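Contents: one structure, followed by commentary.
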């Protein structure tokens with residue numbers, strides 16, 4: 001029993017064409033609350049500096065991108081000096097005191113204690129961050 005090619009291909013086209021135009025969520029898109037609070041680069045009405053990136057080269061000066069500006073360790077931004085930098089955040093010291101900036105301040109971080117995981121278990125109990 002032969003299936004006519006033309007009607008069968010037309011049926012397949014109709015089935016798959018309906019789903020192709022549907023909007024799907026981008027899995028790499030940041031949460032909407034992050035996008036709503038993201039100031040434009042150089043926007044002084046943002047409520048303070050925002051840490052956007054940290055670069056810690058093996059050789060050379062560490063740098064941070066703060067409110068859209070690349071600042072090397074020891075340099076200043078808006079009257080505050082970048083005094084400390086690590087993979088999670090930066091510290092600014094200025095006339096108003098010390099300001100701690102974090103890369104993802106709205107994200108709750110939990111470390112897993114893999115030493116307590118049982119046989120065949122992939123995940124252990126949570127432990128507090130230092």
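The table for this structure:
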read-out: Members of region 57-85 that are at negative phi and surrounded by fewer than 12 Cβ atoms within 10 Å (Cβ to Cβ); value: 57, 58, 59
read-out: Selection status of residue 11, at pLDDT below 75, out of contact with any helix residue (DSSP H, G or I) (no Cβ under 6 Å at 6 or more places or on another chain) and either more than 30 Å from residue 97 (Cα to Cα) or surrounded by 12 or more Cβ atoms within 10 Å (Cβ to Cβ) (or both); value: yes
read-out: Residues located in region 46-67, provided they are in contact (Cβ under 8 Å) with a residue 40 or more places away in the chain and closer than 13 Å to residue 92 by Cα; value: 48, 49, 50, 51
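The values are calculated or read from the model by the stated rules, or taken from the named source; none is laboratory data. All figures in this text were calculated on a predicted structure; none of them were measured in a lab. All Cβ positions, glycine included, derive from the backbone under ideal geometry; neighbour counts span all protein chains shown.
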